[in-house]
Amino acid sequence: MRQLQDTGKIAMIGLSNVNVAQIERARAVAPIVSVQNRLSLGHRDDLPTARYCRMNAIAYMPLAAARSAVTAGQIQDVAARHGVSIQQVQLAWLLAQGSHVIPLVGASRPATIADSAAAPALHVNADDLRRLR
């Protein structure tokens, strides 16, 4: 990848599905501008990696179903308190993890796109974040 960058065939390098050790090995070879890992309320295993890298952390599958750490009921409670959808709560939680976290959202209906686009306006407060632990 570094050789492709040096010859101008690619401008930047991003990684996918990596851990902190792999990021560090890659950084020793070339500048890395982004990391794309699975990250959601239901899949938090890569949250430490997203926090560590402090570069663009692209969260794919951001609406993956909640599992043991947070129940769907907890997400619904926060959504009801704010009068928003559970998708907006899930995306707002991701955005609250830092300005470097970028949810990669897919949608097949215009209404879903509009709903997801409203998530940045939702401010999840400290109480909400505690409920979503």
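Every number in this text was worked out from the coordinates using simple rules, so none of it is lab data. Remember, it's a predicted structure, so these values are computed and weren't measured experimentally. Glycine also receives a Cβ, built like all others from the backbone with ideal geometry; neighbour counts cover every protein chain displayed.
Note on region 13-44: residues that are of a type in the set (S, T, N, Q), buried (at least 17 other Cβ atoms within 10 Å of the Cβ) and without any contact (Cβ under 8 Å) to a residue 24 or more places away in the chain amount to 1.
Per the listing Asp115, Asp128, the residue uniquely of a type in the set (Asp, Glu) and crowded, with 19+ Cβ neighbours inside 10 Å is Asp128. With respect to (1) within 15 Å of Arg44 (Cβ to Cβ); (2) exposed (fewer than 14 other Cβ atoms within 10 Å of the Cβ); (3) not polar (S, T, N, Q), the lone exception for Leu91 is condition (2).
Would you confirm whether any residue within region 52-65 is surrounded by 18 or more Cβ atoms within 10 Å (Cβ to Cβ), at negative phi and in a helix (DSSP H, G or I)? Yes, region 52-65 contains at least one residue that is surrounded by 18 or more Cβ atoms within 10 Å (Cβ to Cβ), at negative phi and in a helix (DSSP H, G or I).
Annotation note: of Gln74, Gln87, Gln5, the sole residue that is in contact (Cβ under 8 Å) with a residue 12 or more places away in the chain, part of a helix (DSSP H, G or I) and over 25 Å from Pro120 (Cβ atoms) is Gln5.
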